[in-house]
1. Which count do you get for residues in the range A:136-159 that are of a type outside the set (D, E, K, R) and either over 30 Å from residue A:65 (Cα atoms) or touching a Pro at 6+ places or on another chain (Cβ under 6 Å) (or both)?
2. Looking at this structure, is residue A:275 of a type in the set (Ser, Thr, Tyr) and within 16 Å of the ligand (Cβ to nearest atom)?
3. Taking the stated definitions as given, is residue B:155 more than 20 Å from residue A:3 (Cβ to Cβ), of a type outside the set (Lys, Arg) and surrounded by fewer than 21 Cβ atoms within 10 Å (Cβ to Cβ)?
4. Can you find, within the range A:208-241, the residue that is surrounded by the most Cβ atoms within 10 Å (Cβ to Cβ) among those that are more than 14 Å from the ligand (Cβ to nearest atom) and part of a loop (DSSP other than H, G, I, E, B)?
5. Name the pairs: first residue in the range A:186-203 and within 17 Å of residue A:174 (Cα to Cα), second residue surrounded by fewer than 20 Cβ atoms within 10 Å (Cβ to Cβ) and of a type in the set (Val, Ile, Thr), Cβ to Cβ under 6 Å, at least 6 apart or on different chains?
6. If you scan the range A:242-268, which residues turn out to be within 16 Å of the ligand (Cβ to nearest atom), closer than 15 Å to residue B:68 by Cβ and out of contact with any Pro (no Cβ under 9 Å at 6 or more places or on another chain)?
7. Quick one: which helices (runs of 4 or more DSSP H) lie wholly within the range A:11-123 and hold at least 3 residues that are within 13 Å of the ligand (Cβ to nearest atom) and surrounded by fewer than 20 Cβ atoms within 10 Å (Cβ to Cβ)?
8. Within the bounds of the range B:162-182, is there any residue that is crowded, with 19+ Cβ neighbours inside 10 Å, within 12 Å of chain A (Cβ to nearest Cβ), part of a loop (DSSP other than H, G, I, E, B) and at negative phi?
Amino acid sequence: MPSKHERTRAIEVDLVVEALARRHGYDFSDYAKASLRRRVAALAVTLGCPTISDLLPRLLHDEAILPTVLSTLSVPVTEMFRDPLVFKAIREHILPVLATYPRLNIWQAGSATGEEAYSLAIMLEEAGLLHKVQIYATDINDAAMAKAEEGILPADQIAKYEDAYRKAGGTRTLAQYFSLGYGFAKLSASLKDHISFAHHNLVSDGVFCEVNMVICRNVLIYFDKSLQDHVLGLFEASLSRGGFLCLGSRENLGGSAAAHHFTPLDRELRLFKKSGEAS
Amino acid sequence: MSPRPVVQAVVIGCSAGGIAALHHILPRLPADLPVPVIVVCHTGPSPTDLFSSVLRRDCRLPVMEAPERGTARPGHIYVAPADYHLLMEEDKTFALSADPRVNNARPAIDLLFESAANVWGEGLLAVQLTGANDDGAAGMKEVKAAGGLCLVQDPATATATAMPEAAIATGAADWVAPLDWIAFLITSLCFSSAPAQDCRP
Ligand SMILES: C[S@@+](CC[C@H](N)C(=O)[O-])C[C@H]1O[C@@H](n2cnc3c(N)ncnc32)[C@H](O)[C@@H]1O
């Protein structure tokens, strides 16, 4: 049984969630509670509130608070070529299929600071496809997306990413896609030109275009079952027939309503194909 | 108050030397253990699958990676996947997070302990084993504050002493026991139905 203290905290978190939804239009009520609770506690610390309920007046009356709230509640942690074998499989098994289309739209949902979108752009470039691709990279964290838009990484990350890039089947060098400055590396404009970063909330926003691939990794783990189902439905509706869906290493279609529209391409790597003949 | 099993779930944290310690403890748990056992080990780069497959061979209880949104079931041993935090939800399902490292670790023991304390309160037994940093100490304090039981491996029997020492320093430990006793203590607590305070030494 949770203690009285815990039950009080659960009420406080619920009140914060309600204030955010009704006052600011961001509904976190179907997020998985354990992580959300930690983040709300972190938000209280960030805003100098002694208790979680002290957040309420700030949330209700402070007009300018939303950006801070969104960037604290959604921690944008990402890497280039995270789980290299997934990217290798995309390179080897999905890109050759996508190569047959005249134009390509790719939706990368939950792009955080953009490293995953950059990784995709690099692989598409190496497959000779980038010229016909538009990558839509979306998130609710505008601060993270502003960073993504800049395309700047700390230079000391590049060595680690180079390693992941190799494991993902890369045969060139990442250095050719970045210009090195003092302590930082900047993604070349020719890659970035094919990525548009846009604010999109998976909870409340709908389909915005037809896409050939959805890549959404390590976002569904933060959602409860009902929201996972909703979002998987959104992906299904966005994908063209024969389109590809790529989830995070520990995410599943599970018993979602969308599941029967997909066949696994690689169950282990969470790569799926939308059923129906590829057109 | 009607007597009920003291312990409804066991959470275990370990780091350096942890795999060997787990191999000592987990195969000694009986096949009819009436509670789930949930483990965070800072496995480092070694794949979880390998780790749990070795344990699977030697344990009487089924060993598996904690499945995202799956329920923690009695008589099962669950291991946190590499590179994700493992947390418990109120409905006793597993949640994963890709949040930044906590105490330089992902999975972090503190996150499992704290979230499990929310769920099981006084029905939780937290076990802190060998390890080289202080992850888990803050979590033990939460477990204690929620009325749960805390068992720490005697640092004299640990490969790395920092983690059990940090746990002991919090003052939350109900028992400090040598490695050889830990499986036995876990088992007897899980089968005892006395109120928690009567089990404390
Ligand atoms: C852990 S990051 C994953 C980054 C990247 N996909 C990866 O796996 O490396 C999760 C991201 O999901 C975003 N997110 C959370 N809720 C969202 C929502 N409702 N709509 C869109 N993005 C969301 C967060 O802002 C964060 O950037």
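Nothing in this text is a laboratory measurement; each read-out follows from the coordinates by a stated rule. Computed from a predicted structure; not experimentally measured. Counting neighbours? That spans all protein chains shown, and the Cβs are built from the backbone with ideal geometry, glycine included.
1. Here is the first cut: in the range A:136-159, the residues of a type outside the set (D, E, K, R) are A:136-138, A:140-141, A:143-146, A:148, A:151-155, A:157-159.
With the extra rule that they be either over 30 Å from residue A:65 (Cα atoms) or touching a Pro at 6+ places or on another chain (Cβ under 6 Å) (or both), the set shrinks to A:141, A:144, A:155, A:157-159.
Final tally of qualifying residues: 6.
2. Details: of a type in the set (Ser, Thr, Tyr): yes; within 16 Å of the ligand (Cβ to nearest atom): no.
Here the answer is no, as residue A:275 does not meet what is asked.
3. On the way: more than 20 Å from residue A:3 (Cβ to Cβ): yes; of a type outside the set (Lys, Arg): yes; surrounded by fewer than 21 Cβ atoms within 10 Å (Cβ to Cβ): yes.
Yes: the conditions hold for residue B:155.
4. For the range A:208-241, the residue satisfying everything is A:210.
5. Correct list of pairs: A:186/A:152.
6. Step one: filter the range A:242-268 for residues within 16 Å of the ligand (Cβ to nearest atom), giving A:244-252.
From the residues that got through so far, the ones that are closer than 15 Å to residue B:68 by Cβ too are A:247-252.
Once the filter is applied, which keeps residues that are within 16 Å of the ligand (Cβ to nearest atom), closer than 15 Å to residue B:68 by Cβ and out of contact with any Pro (no Cβ under 9 Å at 6 or more places or on another chain), the range A:242-268 yields A:247, A:248, A:251.
7. Working: elements: A:33-46, A:55-61, A:66-73, A:84-89, A:95-98.
Because the criterion is at least 3 residues that are within 13 Å of the ligand (Cβ to nearest atom) and surrounded by fewer than 20 Cβ atoms within 10 Å (Cβ to Cβ), the helices (runs of 4 or more DSSP H) in the range A:11-123 that meet it are A:66-73.
8. No, there is no match, as no residue in the range B:162-182 is crowded, with 19+ Cβ neighbours inside 10 Å, within 12 Å of chain A (Cβ to nearest Cβ), part of a loop (DSSP other than H, G, I, E, B) and at negative phi.
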